[in-house]
1. Give me the extension gain from E93 to K60: residue separation times 0.36 nm, minus the current Cα-Cα distance, reported in nm with one decimal.
2. What ranking, highest mean first, results for peptides 118-125, 200-207 when packing means the other Cβ atoms within 10 Å averaged over each residue?
3. Roughly speaking, what is the stretch gain from D78 to N135, that is 0.36 nm per residue apart minus the C-alpha to C-alpha distance, in nm to one decimal?
4. If you take the Cα Rg of region 75-155 and divide it by 2.2 N^0.38 Å, with N the number of residues, what do you get?
5. Could you give the dipole magnitude of the chain about its Cα centre, charging the beta-carbon of Lys and Arg +1 and that of Asp and Glu -1, in debye to the nearest 20?
6. Go through 75-82, 10-17 and give me the packing order, highest mean Cβ count within 10 Å leading.
7. So for the chain, what are the equivalent ellipsoid semi-axes in whole Å, largest first, each being the square root of 5 times an eigenvalue of the Cα gyration tensor?
8. Looking only at Cα atoms, what is the convex hull volume of region 9-66 per residue, in Å³?
Amino acid sequence: MTGTATVWQPLYFPKLHYLARLAKSDVFVIFDDAEFSRSSRQHRTQIDFQNKTWLTIPIKRSTATVSLDNARIDMSQDWVAQHLGTLQAKYGEDARTMFEEYYTDLNEASTIIDITVPTLKRVIQEFDIDVDTYNSSELDIPYDKGNPSVYNARLANHFDCDVYYCGQNAYEGYLDPDPFKKRDIHIRIQDWTPTWADGNVCALDVLFNSVNPPDYIR
């Protein structure tokens, strides 16, 4: 039993710390059937452009709680052209060319993970991060709602990992160490300071303004 596992919800063009954790992991489980939160970064990203522009993927309103893989995108709004236009204006034609294909087939049946997961995987690839990636929705691992620690411990154990890698906020906010102890899994808390002068910015800022592969997350 050896290896480091990270479990994290897919974010839309995440910040550097997200990738820095993956760079120190052997297994990354994308929690793509987690509960959707409209106030989170699951469907939006902030880039330093025209006084901090939020790029937000519009999600259809629902009277019930929905998971990410059931959170349907509101394609009645012309957001795709806005996002691609902003990427091009901020980062250049290369950025638009790299990501445009992931928006092409979106339709009224598309959910948030139809855009956030493939673009996230492309960013991981461009940062040359060597990590085995899995979608939680494709794994037969039982999840007891309201008990994330048990679920994350089960995932780490499923992939034969002896380390679970998490953030400080998660550790202090909700993590219960007991399920990990029962499985002889050590909890490691991310302690990372960005080496890029501008700090913990959107990953795209580094990707399109540095050597490739970027080394700012190592």
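1. Here the answer is 8.9 nm.
2. Details: 118-125: 18.2, 200-207: 21.2.
Output ranking for 118-125, 200-207: 200-207, 118-125.
3. Details: separation 57, 0.36 × 57 = 20.52 nm, distance 2.85 nm.
Value of the extension gain: 17.7 nm.
4. Working: Rg = 16.4 Å, N = 81, 2.2 N^0.38 = 11.7 Å.
Compactness ratio reported: 1.40.
5. Working: 21 positive and 32 negative charges, 134 e Å.
The calculated dipole for the chain is roughly 640 debye.
6. On the way: 75-82: 12.4, 10-17: 21.5.
The densest-packed peptide leads the list: 10-17, 75-82.
7. Numbers: eigenvalues 167, 97, 42 Å².
Listed largest to smallest, the semi-axes of the chain are 29, 22, 14 Å.
8. On the way: hull volume 5.0 nm³, N = 58.
Once divided by residue count, the hull of region 9-66 is 86 Å³.
Rule-based calculations on the coordinates, nothing more; no lab input. Predicted model, so just to flag it, every value in this text is computed and none were measured. Cβ sites come from the backbone with ideal geometry, for glycine too, and all protein chains shown count toward neighbours.
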